[in-house]
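The values are calculated or read from the model by the stated rules, or taken from the named source; none is laboratory data. This one's a predicted model, so the numbers in the text were calculated from it and none came from an experiment. Please note: Cβ atoms are built from the backbone with ideal geometry, for glycine as well, and neighbour counts cover all protein chains shown.
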């Protein structure tokens, strides 16, 4: 039980403080810091994420209104707009990136047995990116187009959870395919991505690392069939073929055998062509796996809707990356708490409860248990649903 402890403090008690201090020490986050520590900065930004604060002034006003409770929240420094702005501007964003990675590692171990719709022993990842638009006149470092600024959030999502296993933040000019150079492939794992990531030289590196990829073929694919597998056309499959790539550069960059699967999607009345280096999985399973790739799209929509990553509290690159990484760490933290408390509600509902009870002293589990948060199945709502975490 957490009698007398604020909900905010109960939530942050799941954070590994020793690991956070190591991240701070690694990047000298405490250098010349006298009163407002990196931990104070993190807690203020976490509060902003959990309660949907709009600006630094908004954070300052809300926290100062609860001045008597700041100590019990773990905040020791004096909260002010200028102090928080300076911290976001100057303290290395990698502190919070490394801390988020520690939380991600913990969360993935908790969700390792989760079902994502396809029965497989291998780890399955979905790779994609989302663009966060910025005003180029304010965020001059965030190059994208001539009159437009943006950053890209590249994410490798572990479909068991789903938990982001890898996150990379770049300016808008970086093409998606370049992120394959930043990945360290896991042998035996399956990577799902769309046509933007097709680069046969990079795909060969995945193949040589004993990892598998599944992607959509481009319309100009030149493929020479060597032999075909028997298929059941009633399932929507049209062909399952093994062959090699044709064309001078394609065959040179990827000389290995590759598998082409054609599938008819009757829902969208569309023929889909998949390429993979996995020659053993059933063709229908390959098609079902690619469909799971859309979970990363849902993840992007969800965090944009429910976390503060579309409007920023600072304009520098360091401030933007700090805010995004802290937002990701809060998403992971809430997922960890939800799993450890064995809560049956959606992550969205859990966040809404937390946003209104930060300064209450009720036990988190009791707050959820005493309310009826089950949404009727036949309720017609436009609310974006998160995965059943």
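Among the residues of region 83-97, those identified as out of contact with any strand residue (DSSP E or B) (no Cβ under 9 Å at 6 or more places or on another chain) and either without any contact (Cβ under 8 Å) to a residue 60 or more places away in the chain or in a loop (DSSP other than H, G, I, E, B) (or both) are 83, 86, 87, 91, 92. Being buried (at least 18 other Cβ atoms within 10 Å of the Cβ) and not in a helix (DSSP H, G or I) is a condition met by at least one residue of region 298-308. Where helices (runs of 4 or more DSSP H) fall wholly inside region 199-292, the ranges with 3 or more residues that are within 24 Å of residue 162 (Cβ to Cβ) and in contact with a strand residue (DSSP E or B) (Cβ under 8 Å, 6 or more places away or on another chain) are 283-291.
Is it true that some residue in region 145-160 is touching a strand residue (DSSP E or B) at 6+ places or on another chain (Cβ under 7 Å) and part of a loop (DSSP other than H, G, I, E, B)? There is at least one residue in region 145-160 that is touching a strand residue (DSSP E or B) at 6+ places or on another chain (Cβ under 7 Å) and part of a loop (DSSP other than H, G, I, E, B). Look at (1) modelled with pLDDT under 95; (2) surrounded by 14 or more Cβ atoms within 10 Å (Cβ to Cβ); (3) within 20 Å of the chain's Cα centre (by Cα) and you find that residue 184 fails only one, number (2).
Looking across 36, 8, one residue alone is in contact (Cβ under 8 Å) with a residue 40 or more places away in the chain and either farther than 20 Å from residue 93 by Cα or within 25 Å of the chain's Cα centre (by Cα) (or both). It is 8. Which one is farthest from residue 324 (Cα to Cα), of the residues in region 282-305 that are touching a residue at least 40 places away in the same chain (Cβ under 8 Å) and touching a helix residue (DSSP H, G or I) at 6+ places or on another chain (Cβ under 8 Å)? Here the answer is 284.
Residues in region 233-253 that are in contact (Cβ under 8 Å) with a residue 40 or more places away in the chain and either on the phi < 0 side of the Ramachandran plot or in contact with a helix residue (DSSP H, G or I) (Cβ under 6 Å, 6 or more places away or on another chain) (or both): 235, 237, 240, 245, 249, 250, 253. Looking across region 98-128 at every residue that is in contact with a strand residue (DSSP E or B) (Cβ under 8 Å, 6 or more places away or on another chain) and buried (at least 21 other Cβ atoms within 10 Å of the Cβ), the one that is nearest to residue 318 (Cα to Cα) is identified as 100. Of the residues 22, 94, 26, the single one that is surrounded by fewer than 21 Cβ atoms within 10 Å (Cβ to Cβ) and over 23 Å from residue 184 (Cα atoms) is 22.
For region 141-154, the count of residues that are touching a helix residue (DSSP H, G or I) at 6+ places or on another chain (Cβ under 7 Å) and either farther than 19 Å from residue 314 by Cβ or modelled with pLDDT under 90 (or both) is at least one. If you go through region 1-29 and keep only what is in contact with a helix residue (DSSP H, G or I) (Cβ under 6 Å, 6 or more places away or on another chain) and modelled with pLDDT under 90, you end up with just 2.
For region 350-366, the count of residues that are over 24 Å from residue 97 (Cα atoms), modelled with pLDDT under 90 and in a helix (DSSP H, G or I) is nonzero.
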